[in-house]
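Heads up, the thing below is written out as C-alpha cells.
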Amino acid sequence: MSSSESPARGGPALRTRALDKRYGHGDGEVRALEGVDLEVTRGEALAVMGPSGCGKSTLLHLLGGLERPSSGEVWVAGRRVDALSEKALARMRREAIGFVFQAFHLMEELTAVENVELPALLAGRSPGACSGPTPAGADGPGGGARRRCGARRVQRVRRGWRQERGLARQRNLRQQHR
C-alpha cells in the first residue's frame, strides 16, 4: 500500500508505520520512540504500559494528533494523521479522537455542564445536541448533591466528579458524530 492510500475498508482503526519521535539535537537528542509499528482493529482494547520515560505519553500524543512524528506514519480511521494540515488535524481531533487527560483539562471558569457542552459549541452545534436537558453524565448518576454539582464551577467539584465530566464530554462528542 502506498503512503497516500488509506487502509482497506474493515482494515485497522489505528495504524503506525516506522514511527519515530526525537526531541532536541546533537548530544542532547532524546529518541522517545523508534520504529514503532502498531495495528489496532476496531473494537480491540489496547493497554499502553511501561516504566516512566519509555514513551507511553509520546505515543498517545502522536496517535491523537497532538504532536507530529519526526518520521513515520500515523493512520486513524483510514486517514493519514501525520500528513494533515493544522486545520484538518484540529477538525479530526474535535470530531474523531477523544482524549480524557489525567489532569482532565476542564475549563475552571465554566460549570461542569458547560464543560460537557463545550465540544458541541466548538463544532458549531447547539449545546442541546448533547443528550438530555443536561448532557449525559454532566450531573453524574443519581440526583440531589450530584445534580446540583452540574451548576458549580469545576474547581469546586471533587476530583472524581471532574473525571466523570471529562468522560461525559468525550461521550457526548462521540454521540454527536454518529
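Tell me, what is the FRET efficiency for E34 and M107 to the nearest 0.05, using R0 = 45 angstrom and their Cβ-Cβ distance as r?
0.80
Length gain on complete extension for the stretch R125 to S71, per 0.36 nm per residue less the alpha carbon to alpha carbon distance?
Taking 0.36 nm per residue and subtracting the Cα distance, the gain is 15.9 nm.
How many nm separate the modelled label positions at A13 and S52, each set 7 Å beyond the Cα in the direction of the Cβ?
3.2
Ordered by packing density, taken as the mean number of other Cβ atoms within 10 Å over each peptide's residues, highest first, how do 46-52, 18-24 rank?
18-24, 46-52
How about the range 31-105: which GluC sites (Glu not before Pro) there are in a DSSP loop, with at most 13 other Cβ atoms within 10 Å of their Cβ?
E44
Tell me which residues come under 5 Å, amide H to amide H, from L33 once H is placed; ignore anything under 5 positions away on its chain.
Residues meeting the amide H criterion: K21.
Could you tell me the calculated FRET efficiency between R91 and H25, based on Cβ-Cβ distance and R0 = 45 angstrom, to the nearest 0.05?
That gives a FRET efficiency of 0.90.
Values quoted throughout were computed directly from the atomic coordinates according to the rules given, and no laboratory measurement underlies them. Predicted model, so just to flag it, every value in this text is computed and none were measured. Cβ atoms come from the backbone with ideal geometry, glycine included; neighbour counts cover every protein chain shown.
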